[in-house]
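Quick one: the structure is below, questions incoming.
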Amino acid sequence: MQELTHYVNGQHVKGTSGRFTDVMNPATGEVQAKVPLATKAEMDEIIAKAAEAQVAWGATNPQRRARVMMKFGALINENMDELAELVSREHGKTLPDARGDVQRGLEVVEVCMGAPAMLKGEFMDNGGPGIDLYSMRQALGVVAGITPFNFPAMIPLWKMAPALSCGNAMILKPSERCPSTSLRLAELLTEAGLPDGVLQVVNGDKEVVDAILDNETIQAVGFVGSTPIAQYIYGRAATNGKRAQCFGGAKNHMIIMPDADMDKAADALVGSSFGAAGERCMAISVAVPVGEKTADALIERLIPRIEKLKVGPYTAGDDVDYGPVITEASKTRIEGLISSGVEQGATLVRDGRGMSLQGYENGYFVGPTLFDNVTSDMDIYKEEIFGPVLTQVRAQNYEEALKLTMDNEYGNGTAIFTADGDVARDFASRVNVGMVGINFPIPVPLAYFSFGGWKKSAFGDLNQYGPDAFRFYTKTKTVTARWFSGIKEGGEFNFKAMD
Ligand code: NAD
């Protein structure tokens, strides 16, 4: 049995708490490793070491820090297949999808190679007579990243690359279900020239998270995970005076207008609802066709596409469409929600319950599931299922579809499929959701924009990566300066306007 470690001060260290949790292989249901769960005492010591290391790193000029990102990016590329395999082994997603997971994180590293340009301050000469004003962006100190299981490479990279390139040290607490990719990324950063202690990867559960939230040295917390935990972490971090951006769950709607290309809409829905077994915060889980004819046409196209889907372990080859869900508890929960949909009156068009794959009978596979005639009072509509379940809610017109999307408590992503530019513009402008796709089902913005939902999908200020990340991970200092040569006045006691 492999015993995983923490990565502290540039090396792997064993946990000393005596507490472990199992890392499962979701395709077989077998335990493949055990990961140590750190204690508050271990954590406080690790944070203190990070604070020591941050002093020199924060004083290193930004161009040199950027060179570490350049080398890191090259190493991620060189080790792409190995990283993807680590992702698939613990998460269960297919290898092509795992490569995408690494790639979308790598793109943020690439933007961070240009961090110096983002860290420049502002300057105003002669803001008053002989008076110059300038602002600087300075590192916060030690910051923390707490990440979910579903993107074991991408989200840790979204956290570490901007935080480190701004001159901070980071404590990264990856999901205890998929910790190995973060440990490997930390090794690659050491190889790229990151000084020891600047990135500390600490494994753990609530005890470690609470130790981060209560530690006075930690200046900011970037969290991604489910909404209840996001809200909890946001509250506790803010109470303790820390910056916090906490991204939560989602229930993403896709509106299909009668003039949409129905085949393209059906393709988009199948890929975005069932890809990665529906375990993406940007997965479309609610299809909202406008008009009965559109709804019928869509169902007619979805069924054959769903029947062709191949579900299996990542080792079965690149033609597998999606793999298992993350845990047995998750499978049980998803199947329970499917049953609730039947009991509450939705039409079950395709049922993925009870799936068992030959040779993988103990794996956590859930077949693709499609519901029609779903209404907003049903649990399958209200809850984030986070599994391969697509629900269809029929709307009579565009305004009804828009209202449904806007009334939902989540606001991560949404999409509209239409051939009408006016409707698309109106939708993009009015909808109260953070990321919008037009004929595009998973509108994850590229790395030089930024990522963030609205409503209960995000708590705090500023988005992840892109220009917002450089604001989140630095604080602004503004200097007002004058030089006394030529100024002969005595003391000044009034608060003067700079006229
Ligand atoms: P999760 O909330 O269970 O766990 C996320 C992190 O919080 C993990 O590191 C975990 O160890 C920690 N954690 C769990 N319970 C905790 C507790 N009680 N106290 C303190 N820390 C705790 O989420 P998950 O199951 O790993 O990930 C899936 C969720 O993440 C989904 O809801 C999904 O929508 C969401 N997600 C959101 C985004 C986004 O950007 N909005 C991106 C990816 C995933």
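The values are calculated or read from the model by the stated rules, or taken from the named source; none is laboratory data. In this text the structure is predicted, and so the values were computed from the model without any measurement. Note: ideal-geometry Cβ built from the backbone for every residue, glycine included; neighbour counts use all protein chains shown. Surface accessibility is based on the protein's heavy atoms, side chains included, excluding ligands, DNA and RNA. Shrake-Rupley method; radii C 1.70, N 1.55, O 1.52, S 1.80 Å.
Just give me the residues in the range 347-361 being closer than 19 Å to ARG301 by Cα and assigned to a loop (DSSP other than H, G, I, E, B), in sequence order.
ASP351, GLY352
In the set SER135, SER165, which member is among the polar types (S, T, N, Q), in contact with a strand residue (DSSP E or B) (Cβ under 6 Å, 6 or more places away or on another chain) and away from the ligand (no atom under 11 Å from the Cβ)?
The unique qualifying residue is SER135.
Related question: Which one of ALA186, ALA192 is in contact (Cβ under 8 Å) with a residue 60 or more places away in the chain, open to solvent by less than 10 Å² (accessible area, probe 1.4 Å), more than 9 Å from the ligand (Cβ to nearest atom) and over 23 Å from TYR410 (Cβ atoms)?
Within the list ALA186, ALA192, the selection yields ALA186.
What number goes with the only condition from (1) within 16 Å of the ligand (Cβ to nearest atom); (2) touching a residue at least 60 places away in the same chain (Cβ under 8 Å) that PRO156 does not pass?
(2)
When the residues of the range 362-381 are filtered to those that are open to solvent by 40 Å² or more (accessible area, probe 1.4 Å) and either assigned to a strand (DSSP E or B) or free of Cβ contacts under 8 Å to residues at least 40 places away in the same chain (or both), which remaining residue is farthest from GLU343 (Cα to Cα)?
SER376
To continue, here is another question. How about the range 195-229: which of its residues are near the ligand (Cβ under 10 Å from one of its atoms), among the acidic types (Asp, Glu) and over 22 Å from THR181 (Cα atoms)?
Once the filter is applied, which keeps residues that are near the ligand (Cβ under 10 Å from one of its atoms), among the acidic types (Asp, Glu) and over 22 Å from THR181 (Cα atoms), the range 195-229 yields only ASP210.
Just to check your reading of the model, which residue among ALA161, ALA153 is under 21 Å from ALA50 (Cα atoms) and either among the hydroxyl-bearing types (Ser, Thr, Tyr) or surrounded by 24 or more Cβ atoms within 10 Å (Cβ to Cβ) (or both)?
ALA161
Here is a follow-up. Name the strands (runs of 3 or more DSSP E) wholly within the range 7-118 that hold at least 1 residues that are surrounded by 18 or more Cβ atoms within 10 Å (Cβ to Cβ) and either in contact with a helix residue (DSSP H, G or I) (Cβ under 8 Å, 6 or more places away or on another chain) or at negative phi (or both)?
Those strands (runs of 3 or more DSSP E) span 20-25, 30-36.
Can I ask one more? Look through the range 414-453, keep the residues that are touching a residue at least 24 places away in the same chain (Cβ under 8 Å), under 15 Å from TYR465 (Cβ atoms) and open to solvent by 50 Å² or more (accessible area, probe 1.4 Å), and return whichever of them is farthest from the ligand (Cβ to nearest atom).
Checked the range 414-453; the qualifying residue farthest from the ligand (Cβ to nearest atom) is TYR448.
With the requirement that a residue be part of a loop (DSSP other than H, G, I, E, B) and within 22 Å of LYS264 (Cα to Cα), what does the range 298-326 give you?
LYS308, LEU309, LYS310, ASP319, VAL320, ASP321
Right, another one. Taking the range 233-259 only, how many residues are outside any loop (DSSP other than H, G, I, E, B), within 14 Å of the ligand (Cβ to nearest atom) and either under 26 Å from PHE417 (Cα atoms) or not charged (D, E, K, R) (or both)?
The number of residues fulfilling the criteria is 9.
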